[in-house]
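Visitor: Following this message is one structure expressed as structure tokens.
The values are calculated or read from the model by the stated rules, or taken from the named source; none is laboratory data. Owing to the predicted nature of the structure, the values given are computational and were not obtained by experimental measurement. Every residue, glycine as well, gets a Cβ built from its backbone with ideal geometry; the counts of neighbours run over all protein chains shown. Heavy atoms of the whole protein, side chains included, go into the accessibility calculation; ligands, DNA and RNA do not. Shrake-Rupley method; radii C 1.70, N 1.55, O 1.52, S 1.80 Å.
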Amino acid sequence: MPPGDIQSSRPVVLIAEDDPSQRMLARVALEQAGFTVLEADNGHDALDKADRQAPDIVLLDVEMPELDGFAICSRIRKLKHIADTPVIMLTGREDDESIRNAYDSGATDFISKPVNWSLLGHRVRYISRATRIGRGLRESEKKNRAFIKAIPDSMLIVDKAGRVLTHHRGKDGSRLLDECASDGRSVMETLPPTIAESWRKQIAGVLNSGEMSQSEDHIEANGAHCFYETRMVPYTADSVLVIQRDVSEKKRADAKVRRLAFFDTLTGLPNRQSFLIQVSEALREAKASNSRLSILYFDLDNFKRINDSLGHSTGDALLRGVARRLEQCVRRADAVARFASTDTSVQVARLGGDEFTVLLRDVQSVEEASGVAERILSALSQPMHYHGQQFVITPSAGIASYPDDGDDVDTLVKNADMAMYSAKAQGRNCVSQFSGTMSVRSLERLDLEDALRKAIAAGDLELHYQPKLSLQSREVTGVEALVRWTHPERGPVSPAKFIPIAEDAGLILDLSRWVLEAACRQLERWSGGDLDDVRVAINLSGKQFRESDVDDQIIAAVDAHGFEKSRLELELTEGTLMNDVENTVRTLTRLKEAGLKIAVDDFGTGYSSLSYLKKFPIDALKIDRSFVSEIDAGGNDRSICAAIIALAQSMGLKVIAEGVETAEQLQHLRFLGCDEIQGFYFAKPMPGEETAAFLRRYLRKRQRRLSLADDTPPVQAIEG
Amino acid sequence: MNTPVIDPVPLDAIRNLEQPGHENLLNTIIGMFLEQSVNELAGLREALQSGSADAIREAAHSLKSSSANVGAMRVSALSYDLEQAGKDRALDLCGMLIDRLALAIDEANARLSDIAGAAAA
């Protein structure tokens with residue numbers, strides 16, 4: 001207790017004395033010394049007051065009637081709330097027996113009679129203070145013990161030689177230290193030699209410098225790995241306080257976090273993050289040692305299709321297989337030659353999806369890197385087996401090397417990626433070295449892909465509509481919806497360019513869905529007025545059509561917009577139809593029964609089996625523009641058109657010619673009996689509003705012509 | 001007997017406590033002793049007559065302490081002897097000691113009365 005508290009409240013002293021004059025003197029002396037005095041003139045009264053008022057100090061005359069001082073003292077010691085109150089016995093001078101009895105009964109001190117009254121106050125104050133200090137020390141020790149008990153760390157005090165002087169075993173204390181503490185051996189004898197040596201140095205260092213030292217000790221015992229964080233501080237001139245914390249759990253947790261952060265959970269290979277770190281380290285070394293490094297970038301050409309058609313579990317199994325092969329390859333001397341000799345000279349990683357990388361350090365030449373890539377490629381191309389099925393994976397590889405192809409991580413990885421794309425473009429399953437010319441083209445493509453992804457997500461696309469004309473009735477039979485995209489910087493991008501990109505980048509499904517939705521919105525807008533019977537045709541991509549619930553999706557989209565289902569026409573290519581005939585028949589039948597119209601697009605370019613074609617519930621064939629464009633050139637194309645038209649007629653299908661651009665082409669088609677035409681000669685694709693205006697204008701003209709009974713050839717480009 | 005009738009040291013110690021509020025402390029204490037000593041002596045004689053060695057021992061113990069308190073060292077010494085005799089139940093010795101104690105008390109009280117009178121004056 002701090003001294004301030006002693007001064008602030010007057011301590012209470014109880015004096016038990018049966019002699020009234022001595023009691024009076026004691027009161028006067030103690031009051032003058034700053035005490036509040038309680039008096040008792042017999043033993044019972046004294047005990048009662050001590051019990052009730054818990055004085056800070058008690059003075060007891062030994063000899064009192066009924067209950068003597070010794071008895072009172074012993075009883076006070078048994079009362080819990082006052083047990084540690086200091087008790088001073090007033091004993092006779094030279095009364096050895098009394099003094100002995102006083103201590104035996106638990107007295108704190110004694111004062112022999114006759115009492116020197118002028119000194120009594122000082123004496124009692126001194127004992128009182130000593131008691132408080134002692135009590136304070138006991139309190140603080142108790143707190144310290146609680147503290148130490150609550151700390152999970154082990155604490156020990158060791159001398160210079162490492163002998164344990166004091167030991168507190170922490171929650172997960174090391175058994176080795178327990179042993180030292182119990183048998184008095186030096187910790188140096190029990191700890192593993194390397195740790196003992198480190199401790200010996202640390203103890204000496206700490207004693208020498210007076211500074212704290214810190215280390216981490218890894219102790220392996222009975223196959224269990226324990227990690228301890230050890231801190232040492234000087235304790236006395238020749239002993240050291242050692243605090244040892246078991247950090248094994250933390251270590252394990254850290255390792256797990258590192259594993260999750262830096263390793264791919266599917267294959268166990270390092271992930272993109274750790275690959276980038278490895279490259280960055282390797283790059284630093286290469287720069288320092290003036291050596292070359294290469295990044296091999298692998299992508300599995302047909303993996304997306306396997307994943308889509310056979311499910312993710314098969315895909316995952318194959319990815320694991322690829323990872324194992326890559327690892328085997330880089331370990332096997334014949335695959336990577338001398339790279340296998342050192343651990344870190346070659347590192348494999350999975351960047352994500354079906355992209356894998358191999359980092360080669362200290363490469364001698366470009367040829368060496370491509371040699372390694374070729375060997376890995378051929379190893380990966382060997383058939384794989386999964387659940388009794390055989391798969392052949394064909395990877396493409398790109399290589400970029402420091403210093404030739406870049407001197408920072410990003411550039412090297414990007415260029416390796418681009419080289420890989422170039423390999424794909426060259427026909428897949430091959431290796432391509434990065435080259436400077438590649439970058440512009442590939443960058444453009446990557447940029448387009450990125451912008452297209454954003455445009456689709458944001459709905460930043462547009463549908464244009466190209467009208468179709470019936471050659472017989474001279475009516476507009478409908479419009480074909482064609483998707484248009486305007487790049488924010490490059491301006492309009494041709495569908496011939498961006499649709500293949502969408503297909504390669506896995507965006508085609510999103511794009512197709514957007515088209516379906518946009519067309520349905522347009523049809524709804526045209527409903528209920530003068531354009532109520534306009535039909536809109538949309539192109540279904542193969543991927544979209546292969547979705548198991550494509551029929552539901554389309555019917556739901558039409559229902560959501562509430563127009564007559566026959567106003568939506570679906571155009572599918574031959575390739576799409578022939579991919580899975582059974583499913584095609586089922587899906588088309590469902591759509592057809594719902595009322596939608598179905599046309600085969602680009603007819604003549606694929607390999608349609610006529611027997612299958614008959615099974616499909618289709619309404620129309622569209623002659624591919626390539627035949628139409630050459631129809632008047634005197635080649636085969638006119639015969640092909642004739643054959644298609646005849647075929648359509650024999651099957652009771654409507655036939656539509658696409659890409660009609662000249663009056664000559666139109667004449668030929670009319671002659672051959674083609675039902676409808678579509679092309680710039682009649683009308684180009686136009687935005688929705690413009691299309692509506694065109695249709696209305698055309699409708700008015702036609703009505704006028706009908707009223708004039710005019711039969712002049714009607715077909716002319718009428719454009720807004 | 002070498003023991004002085006009155007030892008001035010305890011009296012000085014009491015005088016030291018004479019501070020405002022307790023100006024006549026020594027006189028009060030001496031007065032209390034004069035009365036107490038006479039009472040104790042009477043008590044001792046009674047106890048002797050009734051043959052109560054325990055009562056003698058207790059009274060002697062009390063007198064031993066209170067006389068020492070006012071410096072009446074000869075009274076205190078005789079009280080000690082009497083206390084021991086009481087413990088030993090030596091009643092004959094007790095009678096003898098009580099007689100001598102009476103003389104010592106007279107002697108001490110005369111001196112103490114002088115001291116008190118001087119202090120009062």
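Visitor: Might you check whether a residue that is surrounded by 16 or more Cβ atoms within 10 Å (Cβ to Cβ), away from every other protein chain (no Cβ under 14 Å), farther than 20 Å from A:T230 by Cβ and not aliphatic (A, V, I, L, M) occurs anywhere in the stretch A:120-127?
Guide: Yes, the stretch A:120-127 contains at least one residue that is surrounded by 16 or more Cβ atoms within 10 Å (Cβ to Cβ), away from every other protein chain (no Cβ under 14 Å), farther than 20 Å from A:T230 by Cβ and not aliphatic (A, V, I, L, M).
Visitor: Taking helices (runs of 4 or more DSSP H) that fall entirely within the stretch A:112-209, which contain at least 3 residues that are polar (S, T, N, Q) and under 30 Å from A:I99 (Cβ atoms)?
Guide: Values: elements: A:117-150, A:175-183, A:187-190, A:193-209.
Where helices (runs of 4 or more DSSP H) fall fully within the stretch A:112-209 and carry at least 3 residues being polar (S, T, N, Q) and under 30 Å from A:I99 (Cβ atoms), they are A:117-150.
Visitor: Evaluate the stretch A:103-111: report whether one residue or more is farther than 24 Å from A:R27 by Cα, assigned by TED's automatic domain parsing to the domain that holds A:A50 and of a type outside the set (G, A, S).
Guide: yes
Visitor: So if I check each of A:L207, A:L191, which one is over 24 Å from A:A255 (Cα atoms), open to solvent by 30 Å² or more (accessible area, probe 1.4 Å) and among the aliphatic types (A, V, I, L, M)? Spell out the reasoning first.
Guide: Numbers: A:L191 fails: open to solvent by 30 Å² or more (accessible area, probe 1.4 Å).
It is A:L207.
Visitor: For the stretch A:498-520, which residues satisfy the criterion of being assigned to a helix (DSSP H, G or I) and open to solvent by less than 20 Å² (accessible area, probe 1.4 Å)? If you could, list the steps in order and put the result at the bottom.
Guide: Initial filter on the stretch A:498-520 (assigned to a helix (DSSP H, G or I)): A:498-504, A:508-520.
If the condition is that a residue be assigned to a helix (DSSP H, G or I) and open to solvent by less than 20 Å² (accessible area, probe 1.4 Å), then A:F498, A:I501, A:A502, A:I508, A:L511, A:S512, A:V515, A:L516, A:A518, A:A519, A:C520 are the ones that fit.
Visitor: Next question, about the same structure. When the residues of the stretch A:105-119 are narrowed to those that are closer than 17 Å to A:V87 by Cβ and open to solvent by 50 Å² or more (accessible area, probe 1.4 Å), which ends up nearest to the other protein chains (Cβ to nearest Cβ)?
Guide: Step one: of the stretch A:105-119, the residues closer than 17 Å to A:V87 by Cβ are A:105-113, A:115.
Subset that is open to solvent by 50 Å² or more (accessible area, probe 1.4 Å): A:108, A:110.
Numbers: A:T108: 21, A:F110: 14 Å.
Going through the qualifying residues, I end up with A:F110.
Visitor: Which one is farthest from A:V164 (Cα to Cα) among residues in the stretch A:233-254 that are open to solvent by 50 Å² or more (accessible area, probe 1.4 Å) and part of a loop (DSSP other than H, G, I, E, B)?
Guide: Residue satisfying both the conditions and the ranking: A:A237.
Visitor: Do we have any residue at all in the stretch A:80-97 that's touching a residue at least 24 places away in the same chain (Cβ under 8 Å), within 14 Å of chain B (Cβ to nearest Cβ) and part of a helix (DSSP H, G or I)?
Guide: no
Visitor: Scan the stretch A:217-232 and tell me whether some residue there is open to solvent by less than 60 Å² (accessible area, probe 1.4 Å), in a helix (DSSP H, G or I) and not aromatic (F, W, Y).
Guide: no
Visitor: Within the stretch B:3-15, does at least one residue satisfy the condition of being within 11 Å of chain A (Cβ to nearest Cβ), outside any helix (DSSP H, G or I), open to solvent by 30 Å² or more (accessible area, probe 1.4 Å) and in contact (Cβ under 8 Å) with a residue 12 or more places away in the chain?
Guide: Filtering the stretch B:3-15 for residues within 11 Å of chain A (Cβ to nearest Cβ) gives B:7, B:9-15.
With outside any helix (DSSP H, G or I) added as a condition, the list becomes B:7.
Next, from what is left, pick out any that are open to solvent by 30 Å² or more (accessible area, probe 1.4 Å): B:7.
Now restrict to residues that are in contact (Cβ under 8 Å) with a residue 12 or more places away in the chain: B:7.
The answer is yes; a qualifying residue exists.
Visitor: Test B:A121 against the criterion of being of a type in the set (G, A, S) and modelled with pLDDT of 90 or more, and give yes or no.
Guide: no
Visitor: Right, A:M155: assigned by TED's automatic domain parsing to the domain that holds A:V240, out of contact with any Lys or Arg (no Cβ under 7 Å at 6 or more places or on another chain), open to solvent by less than 70 Å² (accessible area, probe 1.4 Å) and not acidic (D, E) or not? Explain how you work it out, then say what you get.
Guide: Numbers: assigned by TED's automatic domain parsing to the domain that holds A:V240: yes; out of contact with any Lys or Arg (no Cβ under 7 Å at 6 or more places or on another chain): yes; open to solvent by less than 70 Å² (accessible area, probe 1.4 Å): yes; not acidic (D, E): yes.
Taking the combined requirement at face value, the residue satisfies it.
Visitor: Then there is this: Please return the ranges of helices (runs of 4 or more DSSP H) entirely within the stretch A:2-60 where 2 or more residues are open to solvent by 10 Å² or more (accessible area, probe 1.4 Å) and at pLDDT 90 or above. First the steps, then the outcome.
Guide: Numbers: elements: A:3-8, A:20-32, A:43-53.
By residue number, A:20-32, A:43-53.
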